[in-house]
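The values are calculated or read from the model by the stated rules, or taken from the named source; none is laboratory data. Bear in mind the structure is a predicted one, so any value in this text is a computation, not a measurement. All Cβ positions, glycine included, derive from the backbone under ideal geometry; neighbour counts span all protein chains shown. Keep in mind that these areas ignore ligands, DNA and RNA; they rest on the heavy atoms of the full protein, side chains included. Shrake-Rupley method; radii C 1.70, N 1.55, O 1.52, S 1.80 Å.
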Amino acid sequence: MGAPTTPATTGTPPRPIPGVHPASRALTRPRRRLVAAAAAMVALAAVGAGSLLDLRTPAPKSADAPAGVFSAGRAYEDVQVIAARSHVAGSPANEQVRAHLEQQLRGLGLETEVQDTVAPEAGQLSGAAGGATVARVRNVVARLPGTDSTGRVFLVSHYDSVQTGPGGNDDAAGTSTILEVARALTTGPRPRNDIVFVLTDAEEACLCGAAAFAASHPLAADGGVVLNLEARGSTGPVIMFETSRNNATLVDIFGRAAPHPVGTSFAVEIYRALPNDTDFTAFLDQKFVGLNSAYIDGGAIYHTPLDTPAAMDRGSLQQHGDNALGLAREFGGTDLTGLRSGHDATYFPVPGGLVRYPGWLTVPLALLAVALVGTLGWLTRRSGRASTGRLAAGFALALVPIVAAPVAAQLLWLAITTIRPGYAELLDPYRPIWYRLAVLALATAILFTWYALTRRRIGPAALAVGGLAWLALLGVLLAVAVPGGAYLTTVPALAGALGGLVALRTRQTGPWPVVAVTAAAAVGVVILLPTVVLLFPALGMAMGGVAALVAVLLGLVALPVVDLLHPQAGGQRGLLALRARRLAVLPAGAAAVAAVVLAGVGLGVDRFDAAHPAPTHLMYAMDAGTGQARWLSHESDPQPWTNGYVDGVTDVGDDFPGLGDGELRTGPAQSANLPAPKLEVLADATAGGERTLRLRLTPQRAARLATLHVDTSTATVLRAEVVGRSVPVEPRAGKWGFGLVFHAPPAEGIEVTLTVRPIAGQVALRAMDASDGLDALPGFRPRPPAVGVVGSHSSEMLAVARTYPI
Ligand SMILES: [Zn+2]
């Protein structure tokens with residue numbers, strides 16, 4: 001190999017060293033090296049701080065702010081009315097919320113109406129809750145007519161809440177924001193385009209309100225631009241996390257018109273991979289275009305009784321409003337006929353704005369990064385800083401931290417949830433910051449340890465090039481698989497390669513090599529640090545490994561700067577070399593200690609108490625025919641409180657097909673005096689081997705949903721209609737091979753027409769309804785203060801079922 005020699009600082013004769021990083025050659029004197037390291041670190045810290053400050057939410061404006069601006073203070077007054085209590089679709093509480101919304105919108109002089117209809121669910125959620133799903137919905141729709149409309153702008157949020165909580169954030173945030181935006185818009189000059197305010201019903205149940213509006217409301221007939229506003233937590237920046245396809249023009253307007261544009265094309269890719277849905281899905285199904293925004297930090301309270309108005313960060317509300325108002329004004333004045341551009345954009349936040357470039361650049365940029373890193377490797381070898389063998393070894397070994405850090409982060413979380421099993425039922429811990437920092441410290445420890453172990457043998461140059469090579473290759477992989485995320489590794493790899501090339505080409509005794517590699521690392525910081533920070537709340541600690549992976553990629557881009565923390569490679573011998581090696585272990589050791597301490601602090605600080613209760617899941621299911629009742633829980637590792645009710649495992653699919661499939665914890669319960677829904681035969685006709693049953697299913701108590709299933713060993717279902725609307729006949733697994741779910745059933749009942757081909761003599765039908773709240777049940781003991789409710793659509797559900805042979 002052609003390793004160069006380095007002037008020795010100790011007076012010992014020069015010796016070949018296995019590769020010195022370009023940036024370090026000028027810095028053979030320890031003091032100069034230390035100064036360079038400090039300067040580079042300060043510069044990177046400043047860039048990092050700037051990037052994170054950019055993610056801060058704005059200060060909430062008070063209720064006496066000028067009429068033309070968005071005021072979180074004014075909007076919050078509506079939050080308090082909307083989220084005074086739980087208001088699930090179909091409930092009397094939801095009627096009151098709807099009345100308030102109508103009154104507010106009418107008070108602004110807007111044409112306001114209620115769309116009252118029965119609608120099927122949107123998107124691909126079907127089957128999850130037991131079969132084809134429909135709901136009775138009542139959407140509040142108001143219109144601000146434009147002066148010379150080229151199309152319509154829709155501001156959308158859902159006003160219903162889950163049954164388990166008042167929905168202080170989800171989605172009183174979006175709904176109150178829309179009321180305040182409507183107020184601000186009606187005080188100014190009339191926009192050119194129609195602005196339609198759509199406050200949907202039954203989002204939590206099935207997105208049915210949005211589906212009804214998008215598919216059948218006259219104002220939706222020509223499509224338009226949808227701005228959907230959501231909250232999946234209580235705090236944090238509002239992230240524009242989902243767009244319609246071919247979003248380049250929309251994203252351009254977002255970057256220009258939203259005062260706080262936080263959004264990345266990577267979030268769009270992540271969201272598509274997650275099993276979440278919002279009303280936006282219903283609009284995309286109908287070929288609308290648009291943007292979907294939400295704040296998502298503080299996810300512990302999501303869908304729980306703790307999602308109260310008081311839990312809301314009003315800075316997040318202000319950001320929702322500032323952005324929604326800015327976008328409504330911009331889209332309100334734009335010619336809406338040319339919004340669907342031919343391509344998707346890549347975009348991400350940087351201090352002061354939103355970077356965006358066309359998606360078709362993704363693959364060329366990824367290939368360019370590979371070419372540049374290859375060139376850097378070739379020049380590194382030619383300059384004698386690393387042999388081919390060492391470059392190959394650097395490449396192979398760089399994979400170690402890329403794999404080890406995420407694995408270690410997942411193992412850390414496994415250890416923490418073993419100590420505190422209640423975390424398994426939370427989207428994120430109540431106070432996740434300590435665990436997030438622990439994951440970052442762990443990733444740092446792994447990177448530094450790996451570097452301390454490999455640096456002397458492989459050399460800084462080969463390791464730096466090896467790390468960049470992985471980023472460049474990941475960029476190609478992402479460009480093909482998830483193009484919106486390719487910038488994450490492509491751009492830092494490009495910057496790193498350019499920084500390395502400059503460092504190689506500039507005078508090694510001057511400051512430029514250090515400046516070049518620091519600037520490259522700064523690009524990595526700007527792109528990857530906000531990603532790490534946003535990934536934690538997006539995925540929760542259960543997927544903290546993803547954030548650890550991104551953190552390690554950032555470390556690899558910054559490797560030449562990390563190298564400055566280490567004594568100069570190969571410069572010392574004997575005792576000095578030993579001291580140098582010991583010093584090199586210091587950062588790694590410090591990071592490892594920090595990881596353990598931070599995890600410990602997290603466990604110490606984030607204990608369950610009355611304000612941060614341990615989540616528990618319990619429901620009650622009774623067969624009204626046999627009187628048999630049982631407690632059921634979704635908890636995989638039940639809390640002590642839940643263990644007072646459940647002692648075994650069961651599959652309820654045969655008895656309660658309306659509860660979905662899968663194994664649940666179960667235990668015996670006392671039978672309650674509760675009626676099953678009534679199933680009446682209104683008409684029964686057989687012709688040509690087909691039997692048509694016209695039925696009425698009527699809950700005998702205030703039910704949130706009702707279900708009807710057919711035992712497909714007694715009859716094959718050919719066609720089905722619910723309230724005159726035909727529904728798809730998709731076979732389900734199990735005994736009850738056909739099912740219908742009806743949310744917010746009216747008191748007078750639901751008419752269902754089934755056309756079947758009988759197999760046995762009678763058709764067996766299973767009717768079920770479900771209400772919420774277990775307090776009145778025999779044998780139920782109220783939770784102690786530190787025990788809470790899991791935020792799920794089945795928590796505290798009370799189901800009563802009965803089989804009807806007809
Ligand atoms: Zn929700």
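Structure notes:
- Dipole moment magnitude, nearest 20 debye, the stretch 513-652 about Cα centre, only Lys, Arg, Asp, Glu C-beta charged: 1040
- Stretching the chain fully between T650 and D637 yields a gain of 3.2 nm (0.36 nm per residue, less the alpha carbon separation).
- Surface accessible to a 1.4 Å probe, S341 within the full protein complex, Å²: 20
- Pairwise centroid distance, computed over Cα atoms, of the stretch 273-327 with the stretch 508-522, Å: 42
- Spin-label pair D148-V605: with each label point 7 Å from Cα along the Cα-Cβ axis, the two points sit 5.7 nm from one another.
- Per-residue extension of 0.36 nm, minus the Cα-Cα distance of R106 and R757, leaves a gain of 229.2 nm for this segment.
- Residues in the stretch 413-463 average 39 Å² of solvent-accessible surface per residue, probe 1.4 Å, ligands and nucleic acids excluded.
- Where the stretch 175-216 is the region considered: accessible area per residue in Å², 1.4 Å probe: 20
- Angle of helix 314-333 to the longest C-alpha principal axis of the chain, folded into 0 to 90 degrees and rounded to 10: 80°.
- Sites R245 and R32, calculated FRET efficiency, Cβ-Cβ separation with R0 56 Å, nearest 0.05: 0.55
- Karplus-derived 3J(HN,Hα), 6.51/-1.76/1.60, for each residue of the stretch 507-518, Hz, glycine and proline x: 4, 5, 8, x, x, 5, x, 5, 4, 5, 6, 5
- Farthest positive-ward along the chain dipole, Cα basis, beta-carbon charges - from G359, V439, H100: V439
- Comparing Cα centroids, the stretch 334-370 and the stretch 159-213 end up 29 angstrom apart.
- Cα centroid separation - the stretch 54-97 against the stretch 585-629, whole Å: 30
- Taking amide H as placed 1.01 Å from N in the peptide plane, the amide H of L695 sits under 5 Å from that of L682, V752, T753, L754, each at least 5 places away or on another chain.
- Contact order for the stretch 263-379, expressed relative to its length and based on alpha carbon pairs under 8 Å spaced 6+ residues apart, stands at 29 percent.
- Segment L53-L682, extension gain: residue separation times 0.36 nm, minus the distance between their alpha carbons: 219.9 nm
- C-alpha long axis of helix 172-187 to longest principal axis of the chain, angle in °: 90
- Placing unit charges on each Cβ (+1 for Lys and Arg, -1 for Asp and Glu) gives the chain a dipole about its Cα centre, and among L426, F348, T150 the Cα reaching farthest toward its positive end belongs to F348.
- Where the stretch 637-712 is the region considered: accessible area per residue in Å², 1.4 Å probe: 45
- In the chain, the calculated helix contribution to ellipticity at 222 nm averages -13500 deg cm²/dmol per residue, counting -39,500 (n - 2.57) for every DSSP H run with n ≥ 4.
- Projecting the alpha carbon convex hull of the chain along each direction and taking the average yields 37.2 nm².
- The share of accessible area on the chain that comes from carbon and sulfur is 60 percent, using a 1.4 angstrom probe.
- Folded to 0 to 90 degrees: helix 388-419 orientation relative to the chain principal axis, Cα: 40
- Counted charge near A683, where neighbours are those whose Cβ lies closer than 12 Å (Asp, Glu -1; Lys, Arg +1): 0
- For the stretch 211-302, size of Cβ-based charge dipole, Lys and Arg +1, Asp and Glu -1, in debye: 120
- Taking all Cα pairs closer than 8 Å and separated by 6 or more residues, the relative contact order of the stretch 667-739 comes to 23 percent.
- Projection of the Cα convex hull of the stretch 256-382, averaged over all directions and equal to a quarter of that hull's surface, yields 12.0 nm².
- Spin-label pair D285/L583, simplified geometry with 7 Å Cα→Cβ offset, distance in nm: 6.5
- Contact order relative to length of the chain, as percent, for alpha carbon pairs under 8 angstrom and 6 or more apart: 15
- This model, with +1 at the C-beta of Lys and Arg and -1 at the C-beta of Asp and Glu, gives the chain a dipole about its Cα centre of some 4840 debye.
- Between E113 and S216, the distance separating the two model label sites (each 7 Å from Cα on the Cα→Cβ line) works out to 1.4 nm.
- Modelled label reach - A396, point 7 Å along Cα→Cβ, the stretch 412-454 residues with backbone N closer than 15 Å: 454
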